[in-house]
Amino acid sequence: MRARYLFVVAILLAVTAAASQAPNSAPTRGFTPVLVPAPASLQVRSGVTFMLTPSTQIHSDDAGVGDFLAQLLRRSTGYPLEEGEHGISLLLSGAPADAGDEGYRLDVSDTEIVVRANKPAGLFNGVQTLRQLLPPDVESKEVRDASWTVPGVTITDRPRFEHRGAMLDVVRHFQPVNVVKDFIDRMALYKLNYFHWHLTNDQGWRVEIESWPKLATVGGSKQVGGDRGGYYTKAQYREIVAYAAARNITVVPEIDMPGHTNAALASYPELNCNGQAKQLYTGVDVGFSSLCAGSETTYAFVDDVVREIAEMTPGPYFHIGGDEANATSPADYQAFMDRALPILAKYGKTPIGWHEFIRTTEDPSAIPQYWSADRGDDSVLGHEVILSPPNHAYLDMKYNRGTELGLNWGGYVDVRDSYDWNPGTFLVNVGEVSIRGVEAPLWTETVVTPDDIEYMMFPRLPAIAELGWSPFATHSWDSFRVRLGSHGPRWEIMGINFYRSKQIPWSGRHQAGS
Ligand code: TNX
């Protein structure tokens with residue numbers, strides 16, 4: 001009897017100890033949780049600390065991820081971090097079976113740091129975690145004199161959802177290559193893995209198409225407000241695809257059709273049903289333009305565009321838009337999709353579209369991106385869904401009435417609104433198994449400069465990233481707000497202009513191990 005009692009007590013103590021080390025619990029002594037997204041499992045090795053020194057070496061089974069880590073650490077520590085087995089090892093062996101393609105295990109002891117994964121993507125994610133365990137100074141672009149400590153931990157981690165995305169609208173206001181790269185870098189920090197690149201709309205066509213050159217040179221010439229626009233050459237497009245790939249991010253290009261096409265209609269008269277080119281448009285209205293669904297020229301155009309984009313896009317997805325086609329009759333919308341979707345298939349791409357397109361197809365592999373706040377909508381049943389509810393996930397909504405940038409048709413979205421919902425139960429009749437993931441879109445009608453982009457992304461993007469990555473068992477606003485607050489100093493060092501939401505206890509110098 002007594003033995004049984006002791007056994008129960010021992011179990012209870014073990015469970016309590018495990019709970020106190022869970023990422024959603026109160027800070028354990030000697031360690032302040034700092035990780036966003038929260039890992040699936042975290043154990044603190046109390047009293048254990050690894051110290052990075054000038055003699056620390058890095059070994060990686062994947063050269064790309066090894067170089068990524070070495071470059072990051074050399075920049076801020078100034079240490080040589082040569083190739084070798086004494087220090088940090090990134091290994092493509094020995095990972096837990098359930099780590100999958102993106103999961104990893106991270107062990108930090110007094111003498112070494114080891115990341116184990118099945119695939120380079122998992123090593124990359126483990127490196128992002130390690131980055132957050134180092135002091136914020138690790139984000140400095142210049143050498144700093146800091147105490148480069150990493151708290152002793154064992155972390156096993158893997159994503160909840162396969163699709164964790166962010167979208168950038170480069171049409172309403174064009175963004176140069178370096179700004180797109182910064183956007184991708186910031187996605188990578190939070191383990192996002194799909195960059196949805198909104199490339200065409202009424203106000204501009206932002207990518208070179210060799211068979212229809214005026215799309216870029218004429219259609220890309222302006223932006224909202226009438227200023228000069230811009231477009232990406234094919235070389236620049238490929239450069240961004242490669243940059244993203246090196247950060248475990250797949251590019252999903254969007255060519256929005258059949259609505260949101262004024263820039264194309266202004267570039268080529270033959271795309272219009274009446275054969276007359278439209279004027280370029282620099283306002284912010286939606287729902288007034290349409291490709292001509294009854295014309296063969298339209299489908300020759302779609303074929304050329306999809307072929308040229310598909311050729312430069314290694315990822316399996318092509319986003320066809322399909323939203324707000326208010327200037328296309330329902331019959332024409334159906335007729336258009338009946339012709340356009342097989343063209344995507346012909347070039348080997350799986351369609352993603354704003355969710356209204358899904359009623360036009362019976363292809364079970366077609367993926368709707370759900371952008372309504374209505375939780376009772378059944379139109380997406382039978383498909384895997386990407387969730388982008390505007391009242392939670394839109395990065396272009398104002399934080400509150402006083403926010404200068406942004407729109408408010410989806411409501412005001414402060415960081416708690418971004419965080420405190422469950423993608424697995426959001427749609428009443430769509431179970432978690434049918435949720436591919438989440439995505440945070442940034443539309444840019446009011447968003448112009450890099451500072452504007454940062455202000456709308458931070459701190460909301462990390463909230464969506466945590467919903468996409470972390471098991472719901474770790475979900476806790478009280479934990480998240482403290483962990484998020486600890487990222488403020490990192491963003492300051494990175495020069496990121498973020499919204500200092502009153503909902504978050506922003507910390508001065510809040511570090512792992514302190
Ligand atoms: C609706 S969301 C749109 C965009 C606008 C956005 C502004 C969606 C599929 N379409 O054309 O830029 O609202 O928030």
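The values are calculated or read from the model by the stated rules, or taken from the named source; none is laboratory data. Quick caveat: nothing in here was measured; it's all calculated off a predicted structure. Cβ: placed from backbone, ideal geometry, glycine included. Neighbour counts: every protein chain shown.
Quick one: Q236 ticks every box in (1) surrounded by 20 or more Cβ atoms within 10 Å (Cβ to Cβ); (2) in contact (Cβ under 8 Å) with a residue 40 or more places away in the chain; (3) more than 16 Å from the ligand (Cβ to nearest atom) bar one, so which box is it?
(1)
Answer with yes or no whether S289 is within 25 Å of A235 (Cβ to Cβ) and surrounded by 22 or more Cβ atoms within 10 Å (Cβ to Cβ).
So S289 does not fit the description; no.
Looking for whichever is touching a Gly at 6+ places or on another chain (Cβ under 9 Å), touching a residue at least 12 places away in the same chain (Cβ under 8 Å) and more than 19 Å from G488 (Cα to Cα) here; the options are R206, R144. Which one fits?
Of the residues listed, the single one that is touching a Gly at 6+ places or on another chain (Cβ under 9 Å), touching a residue at least 12 places away in the same chain (Cβ under 8 Å) and more than 19 Å from G488 (Cα to Cα) is R206.
Taking the range 281-302 as the region of interest, how many residues are in a helix (DSSP H, G or I), closer than 17 Å to L199 by Cα and of a type outside the set (F, W, Y)?
Of the residues in the range 281-302, 1 are in a helix (DSSP H, G or I), closer than 17 Å to L199 by Cα and of a type outside the set (F, W, Y).
May I ask you to list the residues in the range 310-330 that are within 16 Å of the ligand (Cβ to nearest atom) and over 27 Å from the mean Cα position of the chain (by Cα)?
Hits for the range 310-330 are N326, A327, T328.
Spot the failing condition for M456; the list is (1) within 16 Å of the ligand (Cβ to nearest atom); (2) out of contact with any Gly (no Cβ under 8 Å at 6 or more places or on another chain), and only one is missed.
Among (1) within 16 Å of the ligand (Cβ to nearest atom); (2) out of contact with any Gly (no Cβ under 8 Å at 6 or more places or on another chain), the lone unmet condition for M456 is (2).
With respect to S476, determine if the residue is modelled with pLDDT under 95 and surrounded by fewer than 19 Cβ atoms within 10 Å (Cβ to Cβ).
no
Can you find a residue that is closer than 23 Å to E162 by Cα and touching a helix residue (DSSP H, G or I) at 6+ places or on another chain (Cβ under 8 Å) anywhere in the range 443-458?
Within the range 443-458 (the criterion being closer than 23 Å to E162 by Cα and touching a helix residue (DSSP H, G or I) at 6+ places or on another chain (Cβ under 8 Å)), the answer is yes, since at least one residue qualifies.
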